[in-house]
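Only one structure is covered here, and it is reproduced in the block below.
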Amino acid sequence: MAEFDFYNASLKEIVDAYLADGCVLLRRFLKPESLACVGELVNSLSDKSNEAHIEPQHLRKWGLPLFHERLFENKHLQLLDFLFRDSGYEVSERTATRRIGINPDGQWQAPLGPHLDSFFHPLPFTVNFWVPLQECGMDAPSLAVVQAPFDEVIDYTGYERVSDNDVGPFLADHADWNFTNFDRRMYALACNEPNAIAHLRQRFGARIWAPTYSVGDAMMSSNWTLHFTHALPGMQQRRSNLELRFSSELTLAKIIAMHQRN
């Protein structure tokens, strides 16, 4: 499984592994002391507001810097520039905080089933740095990812090749959700339907990766990376995290082609 110490790895080896496997774990991606300050802010904002997720729109309304502006240093920006090249990027409005617990209540969500962010978010390519605000993967739920090439994930999800009979459901309450672009089984997967989960595990097996995370680590994924909450019955601690997303106007195919040319 691909993982690097962020400050000791080159931009090329990070991006090469990321584009080959759909994800890469970056150890020591952020400084724990900086992340602790942001974590205190997130807890305060979440406790005082009625928002399930703190997003850029909320930070702007409250006159606060965006999360990455408090956390990123020069190498983080260089990584984004290297990934997106001349196409440019912007902070995704889907950047958010999240609270997960085995026993959800209030702003704390139940564990999430396997999904692509592209089921719910805009389809143009988006990179996501998933950053936990405490250690997780042992006593607290963490993030699991499917380590697989993007073209294999595209094939598995049926993106843009499903027939009318196989197309995912249209959900009137969430008209902006993208399930109609994918195989119907993907909706069942996101809903944690047992047969769909079994099919995923049979297909990807040992490539389903649930590492343990220290404070400061980040999983670099995308809106085309299959992932879910790794939660076991014994994980009684709750977990909060940041999802630092940066989007472009390019498709996944164009991003990959851009790097294959260089």
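Some values worked out for this structure:
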| quantity | calculated |
| --- | --- |
| Residue, modelled with the highest pLDDT, within the range 172-187, restricted to residues that are aliphatic (A, V, I, L, M) and surrounded by fewer than 19 Cβ atoms within 10 Å (Cβ to Cβ) | Ala175 |
| Test: Ala196 is surrounded by 14 or more Cβ atoms within 10 Å (Cβ to Cβ) and closer than 23 Å to Asn128 by Cβ | yes |
| Residues that are more than 20 Å from Asp21 (Cα to Cα) and crowded, with 17+ Cβ neighbours inside 10 Å, drawn from the range 199-218 | Val215, Gly216 |
| Some residue of the range 156-163 being among the charged types (D, E, K, R) and modelled with pLDDT under 95 | yes |
| Residue that is nearest to the chain's Cα centre (by Cα) [pool: residues in the range 230-261 that are in a strand (DSSP E or B) and of a type outside the set (Gly, Ala, Ser)] | Glu243 |
| Residues located in the range 175-199, provided they are assigned to a helix (DSSP H, G or I) and touching a Phe, Trp or Tyr at 6+ places or on another chain (Cβ under 8 Å) | Phe179, Thr180, Asn181, Met186, Tyr187, Ala190 |
| Which numbered condition Ala231 fails, given (1) crowded, with 18+ Cβ neighbours inside 10 Å; (2) closer than 21 Å to Ser118 by Cβ | (2) |
| Test: residue in the range 18-34 that is among the β-branched types (Val, Ile, Thr), surrounded by 14 or more Cβ atoms within 10 Å (Cβ to Cβ), touching a strand residue (DSSP E or B) at 6+ places or on another chain (Cβ under 9 Å) and under 27 Å from Ile208 (Cβ atoms) | yes |
| Residue pairs meeting the criteria (Cβ under 8 Å; at least 6 apart or on separate chains; first closer than 14 Å to Glu13 by Cα, in the range 74-85; second among the charged types (D, E, K, R) and in a helix (DSSP H, G or I)) | Phe82/Lys12 |
| Options His227, His199; residue that is within 21 Å of Pro122 (Cβ to Cβ), out of contact with any helix residue (DSSP H, G or I) (no Cβ under 6 Å at 6 or more places or on another chain) and at pLDDT 95 or above | His227 |
| Asp105 vs. criteria at pLDDT 95 or above and surrounded by fewer than 16 Cβ atoms within 10 Å (Cβ to Cβ) | no |
| Residues satisfying the stated conditions in the range 76-89, i.e. touching a helix residue (DSSP H, G or I) at 6+ places or on another chain (Cβ under 8 Å), of a type in the set (D, E, K, R) and exposed (fewer than 15 other Cβ atoms within 10 Å of the Cβ) | none |
| Selection count, the range 17-40, where residues are in a helix (DSSP H, G or I) and touching a residue at least 12 places away in the same chain (Cβ under 8 Å) | 12 |
| Per-region count, the range 127-165, residues hydroxyl-bearing (Ser, Thr, Tyr), crowded, with 23+ Cβ neighbours inside 10 Å and either without any contact (Cβ under 8 Å) to a residue 24 or more places away in the chain or out of contact with any helix residue (DSSP H, G or I) (no Cβ under 7 Å at 6 or more places or on another chain) (or both) | 1 |
| All positions within the range 211-229 that are more than 14 Å from the chain's Cα centre (by Cα) and of a type in the set (Ser, Thr, Tyr) | Thr212, Tyr213, Ser214 |
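Here is a yes/no grid of residues against (1) closer than 18 Å to Cys23 by Cβ; (2) over 17 Å from the mean Cα position of the chain (by Cα):
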position: Ile100; (1), (2): no, no
position: Phe119; (1), (2): yes, no
position: Asp166; (1), (2): no, yes
position: Phe179; (1), (2): no, yes
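The values are calculated or read from the model by the stated rules, or taken from the named source; none is laboratory data. Remember, predicted model here, so these are calculated numbers, not experimental data. Cβ atoms come from the backbone with ideal geometry, glycine included; neighbour counts cover every protein chain shown.
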